[in-house]
Amino acid sequence: MEILQNILFPTQFIPHGHCYLWQPELVWLHLLSDVLIAIAYYSIPIALVYFVRKREDIPFPGIFLLFGLFIVTCGTTHLMSVWTLWHPAYWLSGTIKAITATVSIYTALMLFPTLPAALALPSPDDLRRINQQLEIEIEERKQAEVKLQLLNQELETRVEKRTASLQESEGRWRSFLDNVRLMVVGVDCLGQVEYVNPYAMSLMGNHEEDVLGKNWFKAFVPPHQQQHSRAMFQTILEHDKRPYYQSDLVTPTGDKRVIAWYGTLLKDAQGQPTGVLSLGEDITERYAIDRMKDEFISVVSHELRTPLTSIHGALDLLTSGLVELGSERGHHVLTIAAENSSRLVQLVNDILELERLESGKVKLHQASVSTLELTQRAYELMELMAERANIQLEITELDLLIWADGDRLIQVLTNLLSNAIKFSEPSSTVGIVVEDLTTSDGKYVKFSVKDHGRGIPSNKLEYIFERFHQVDASDSRSKGGTGLGLAICSSIVQQHGGTIWVESLLGEGSCFSFTVPSCRQTDLKRTSNIKN
Ligand code: ADP
C-alpha cells in the first residue's frame, strides 16, 4: 500500500499544475485536451478490435492489434498528463511513456516488413476491374453453359434417335431370324455352336442344351460328310471364301434333310476371325425332284433309243442293199420300222401328255356326267380291239352322275380296257362295273375294269403306276404300250380328287379300280361334256 501510495501520490516532486502557475484556463485547456485525446485514443482501438473481429478475412490482423495497443498506451500517457497536473507521479508517467515507446517502436518495426505485402494487396480499383473481368467471364461461362446444355440436349436427342433406329433394325433382324425359313447357325473358330435361329433349332433338336455348345461337325454332320464339311469350314476361316456346299442333317424325328450351306466368315473389331455364320437352305424336296428328273431323262432317253435303233437298223439294211426293198424280208423290215416309228410317236405323245398333266397345264373341264354315257362311249371305242382279240366286253347298266371331265375319264377307261384286253387270253371277258361308294370323305362313284388275264405279281403291284414300269420288259415289244398309260390314268384320277388302285392274282386276273366324286345337288345340271 505504501509503495502504491509512493507511485501514485509521490511527494518529492512538484505537480505539473505548478508549471502552469495553476492558471485555471491553462490547466483546463490541458486537462480537457488530454482527457479528450485519451477518450479518442481509447475508443479507436475498440473500433479496431471490433473491425478485426468482424472481418476475419482482413490481411495483417496483428498490425491492427499492435496499432490498437499502441494507441491505448498513447491514450494512457495523456491520462497520466491529467494525473500529473495535481500528483507528480512522474515515475509512473515516465514508465508508461517507456511502455508506449516500446510498443510504438515495435509497431513501427513490424510495419515496415509488412509494407511490401500490404502494397501488393490489390487496390479497390484493381478489385473493381478484376470483379468486372470476373463478371464478364461469368457471363461468358453462363452463355457457354447454355450452349453446352443445348449441345447436350441435341446429343441426347441424337442418341435417342440412334438408339431407336438401332432397336428398330435389331427388331427387324430378330424378326427376320425368328421367322425366316432358313437355318442360321453361328459357330466359333473351333466349330462349337454359338447361335441357332428358331427354324434351325426345330430341325436340329428342340432344346437349346441339345444344340448350343455342341461341336457342329460331330453332333450334326453324318460321319461320311464330316471331312468335306470341315474342309469347307477351314476354307472359310483361312481364306475368307464363301463356298457353297451341301450336307445331310438328321432331324430329331429321324428325317434326313438335305441342306445347302452358304458360310460367311465372322471377324472381330481388329479383323481377327471369330467364327463362321452359315445360312442353310432345306433343299430336300428340290434335291429329290432333281434326282427324279435326272432319272426320268435317263429312262426316257433309253426308251426312245430302243425304237430309234430298230428304225435305224431297218433303214440301214434297206439302203445298204443287204435286204431288197421288194422282197418279203424287205417288207418285213419295213413293217418293223413302221411299228417302231409309231411306237416312238406314241411314246413322245405319252411323255408330253404326262408332263402336261403333272405340271398342271391340263385344265379339267368338269361337269355332271352320266356314268352310263361314259362306259358306253368307252365300250364303243374298244369294241373293235376286243373283237380282234376275241374278248367279250361287258358293261353294267347302272347310271350315276359324277362331277368330272368326261373326255379325260374316257381316256382312263379306254387305257384300262386296252390293258385288260392286251393281257387277257382270247375268249375271256372284260367288264366295267360302276358302283356307288359313300366314304367318310363324301360320295364317290367307283369304276372297276375286271379281266381274267395273266394277273400281276404281288411284288410289282405298287410299281405299275410309276412311269415306264412294265411287269415284263418284253411287253412293249409283244403287246405294244409305253409303260406310261397307268401313270397318265393315275394323274387324271388324282386331278379329279379320286384314287386309283389295283387288285390282282397272278394267273387269275386283275381288277383296276378308281373313284371319282359324285355329282353334288348343286351341280345337278345333266350336262354332258363328252365329245363325240
Ligand atoms: P403299257 O403301255 O405298257 O400298258 P401301262 O402303264 O398301262 O403301260 O401298264 C404298265 C404295266 O402294267 C404293263 O406293261 C403290264 O405289265 C402291267 N399291266 C397293266 N394292266 C394290266 C392287266 N390288266 N393285266 C396284267 N398286267 C397289266
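Throughout, read-outs are computed from the coordinates displayed, never taken from laboratory work. Not measured: the values here are computed from a predicted model. Ideal geometry is used to build each Cβ from the backbone, glycine not excepted, and the neighbour counts take in all protein chains shown.
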Self-check item: Cα-projected label distance for Gln12 with Met385, points at 7 Å along beta-carbon direction, nm
Solution: 17.9 nm
Quiz item: Which aspartates and glutamates, on any chain, are close to Lys147 with Cα under 19 Å apart, when same-chain ones fewer than 8 places away are left out?
Solution: Glu135, Glu137, Glu139, Glu156
Self-check item: Length-normalised contact order of the chain in % [C-alpha pairs under 8 Å, at least 6 apart]
Solution: 8 percent
Exercise. Please sort through the DSSP H helices of the chain and keep those with an alpha-carbon extent of at least 20 Å along the long axis and a Kyte-Doolittle average not below 0.5.
Key: 24-54, 61-86, 90-120
Exercise. Work from the charge dipole of the chain (Cβ charges, +1 for Lys and Arg, -1 for Asp and Glu, about the Cα centre) and give the residue of Phe176, Gly498, Phe70 farthest towards its positive end.
Key: Phe70
Self-check item: By average C-beta atoms within 10 angstrom, highest first, the peptides 410-422, 47-59, 243-255
Solution: 410-422, 243-255, 47-59
Quiz item: Regarding the range 180-282, what whole-number volume in Å³ per residue does the convex hull of its Cα atoms give?
Solution: 92 Å³
Exercise. Please give every one of the aspartates and glutamates within straight-line cross-link reach of Lys267, meaning a C-alpha to C-alpha distance under 13 Å, and leave out same-chain neighbours fewer than 8 residues apart.
Key: Asp188, Glu238, Asp240
Quiz item: Once a ≥ b ≥ c are taken as the square roots of the eigenvalues of the Cα gyration tensor of the range 363-531, is the result rounded (a/c under 1.5), prolate (a/b larger than b/c) or oblate (a/b not larger than b/c)?
Solution: prolate
Practice problem: Could you list which residues have their amide H under 5 Å from that of Gln246, counting only those 5 or more apart in sequence or on another chain, with H placed in the peptide plane? | Solution: Trp261
Exercise. Work out the count of Lys pairs in the range 376-491 where the Cα-Cα distance is under 26 Å, with the pair 8 or more places apart or on different chains.
Key: 8
Quiz item: For the chain, what Kirkwood radius comes out of the mean inverse Cα-Cα distance, in Å?
Solution: 36.9 Å
Self-check item: For the range 359-365, 3J(HN,Hα) per residue [Karplus equation, 6.51 cos²θ - 1.76 cosθ + 1.60, θ = phi - 60°, Hz, x = Gly/Pro]
Solution: 8, x, 6, 8, 9, 7, 9
Quiz prompt | Cα gyration tensor, the range 25-180 - rounded (a/c under 1.5), prolate or oblate | solution = prolate
Quiz item: Relative contact order for the range 2-120 using alpha-carbon pairs under 8 Å, separation at least 6, rounded to a whole percent?
Solution: 35 percent
Quiz item: Within straight cross-link reach of Lys218, meaning Cα distance under 22 Å, which lysines are found once same-chain residues fewer than 8 apart are removed?
Solution: Lys256
